[in-house]
């Protein structure tokens, strides 16, 4: 038998075998094939702040509260809450029907163990833990939290991937050990035996999941109803290959679309482009431990001449301005904590004369400035090139050190003097929800050598940040964020360079996709 005859006969035989299942297959829920921005390497959402791990957690775990479209907490696993004694006692009653993927019911003991583990690593969780006087089960469905003093952010603290609820036996894992067994109670379950690092991650709809019955699914609040049978993350490192796979219907969506591919995909009638609502904020970071940027006058000099429009245009091009913003402060534009406080420091007329005057007053005497350039990160590479040119116009002696992203990540943590292997200026970005408020914004921290790379010291910002945690209402928190932004533009721990909105692409037969996360429990396929 020749090869062609063999293939035809094999195909026919396979088709005959499938005939009895055709009717059921037509009624089956579809699978969604997705290309995430990165590979999933760490599974435990309490062990890392990696965005891909948080996204993974949002599929398989549930949380006590979810966030609505305004990033305000709403009950999710909580069926009823009672807040007593002027906010000192919180009674959280779990809603009926909550079940883990291993078949066990979710109980108060599981919730308590998860909260305790969350409180050991996460900054907001640590703040909550310090305030908890007692946490105990009233019964299998009710948790009582007694605080030393009122903490209005308690429900907000328990709304994110880091505060995911897992079985007690897993939550009791030491916080310095990443959990590898993924048992949640969310709308999808993790299929461990199909996970191949660097290749694929597979999730299946959890048929026993009981969604909330009221409200609308928005962000992570409301009913989480899976309309797909399975979700397959296909890891494709090369962006061009991912785009080709999308065009050829080999995948259904991709998480990150580079600007180079926007013209092609925007003209494809089978593909829709989806803009995220919370941007990343690229930034210029100074080394505060060593001269010359340990002097605030030098940092203010650079702030006086940075033009966010130049940086955003260089990184994104001028053809698609709807996917980036200038006039950006500390917090993401359009979110509750964003403000215009002090924004004139970066949006006003760029003043080279003022910058040169401040440089002279700082005592700068021609020392070489080491600028780190991660060449394989297009946004940061563009920022490095613009900054090098800017420094030369100011009369600064600059040396650009080019390297790949992995080498850059190691180099930026070096606290040694620049002459001994350290650095002066580096570039990075704070992603998505890191820009919503002071809880996860690492750039504002002012704790010296214990702070994020750059290591600024700013007790005033630290005090404002602490006050934010205990603010009694939204308006007070917003005012504190205004004060934080004023401090940032005065002391300049970093300079925000604009805002970039991540662009995703999805085949048009898919509807109701939620880009935040992203999460996949609302998306539907036409006709299914």
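Nothing in this text is a laboratory measurement; each read-out follows from the coordinates by a stated rule. A quick note: this is a predicted structure, and the numbers were derived from the prediction, not measured. All Cβ positions, even for glycine, are placed from backbone atoms using ideal geometry, and neighbour counts span all protein chains on display.
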Sum -39500 (n - 2.57) across every DSSP H segment of at least 4 residues in the chain, then divide by the residue count to get the 222 nm mean residue ellipticity, nearest 500. -9000 deg cm²/dmol
Sequence gap at least 6, Cα distance under 8 Å: using those rules, report the relative contact order of the range 281-500 to the nearest whole percent. 36
Counting DSSP beta bridges with both ends in the range 282-434, the antiparallel % (nearest 5): 40
Please report, to one decimal in angstroms, the Kirkwood hydrodynamic radius of the range 281-500 built from all distinct Cα-Cα pairs. 17.6
For the range 260-356, what does the alpha-carbon gyration tensor say about shape, rounded, prolate or oblate, given a ≥ b ≥ c as the root eigenvalues, a/c under 1.5 as rounded, and a/b over b/c as prolate? prolate
How far, in degrees from 0 to 90, does helix 459-470 lean away from the longest principal axis of the Cα atoms of the chain, to the nearest 10? 30
Kirkwood hydrodynamic radius, the range 180-244, all distinct C-alpha pairs: what's the number in Å? 13.8
Order these peptides, 431-442, 270-281, by their mean beta-carbon neighbour count within 10 angstrom, highest first. 431-442, 270-281
Taking the Cα centre of each part, how many Å lie between the range 94-117 and the range 30-54? 22
Angle in degrees between helix 108-121 and the longest Cα principal axis of the chain, rounded to the nearest 10: 30
Span from the the range 460-528 Cα centroid across to the the range 349-375 one, whole angstrom: 31
In degrees, nearest 10, range 0 to 90: what is the angle between the Cα axis of helix 378-393 and the longest Cα principal axis of the chain? 10
Over all directions, average the projected area of the Cα convex hull of the range 95-233 and note it in nm². 9.6
Run the numbers for residue 195 and residue 214: contour at 0.36 nm per residue of separation, minus the present Cα-Cα distance, in nm. 3.4 nm
Using alpha-carbon positions, what is the distance between the centroids of the range 409-447 and the range 264-315, in Å? 14
Shape call for the chain, from the Cα gyration tensor axes a ≥ b ≥ c (a/c under 1.5 means rounded, otherwise prolate when a/b beats b/c, else oblate), comes out oblate
How would you classify the range 366-476 from its alpha-carbon gyration tensor, with a ≥ b ≥ c the square roots of the eigenvalues: rounded for a/c under 1.5, else prolate if a/b is greater than b/c, otherwise oblate? prolate
Which order, highest average first, do 404-413, 240-249 follow once you tally other Cβ atoms within 10 Å for each residue and take the mean per peptide? 240-249, 404-413
Give the peptides 359-366, 36-43 in descending order of average Cβ contacts within 10 Å, highest first. 36-43, 359-366
Once you keep just the Cα pairs under 8 angstrom separated by 6 or more residues, what percentage relative contact order results for the range 333-437? 31
Let me have the relative contact order for the chain, percent, based on Cα pairs under 8 Å that are six or more residues apart. 18
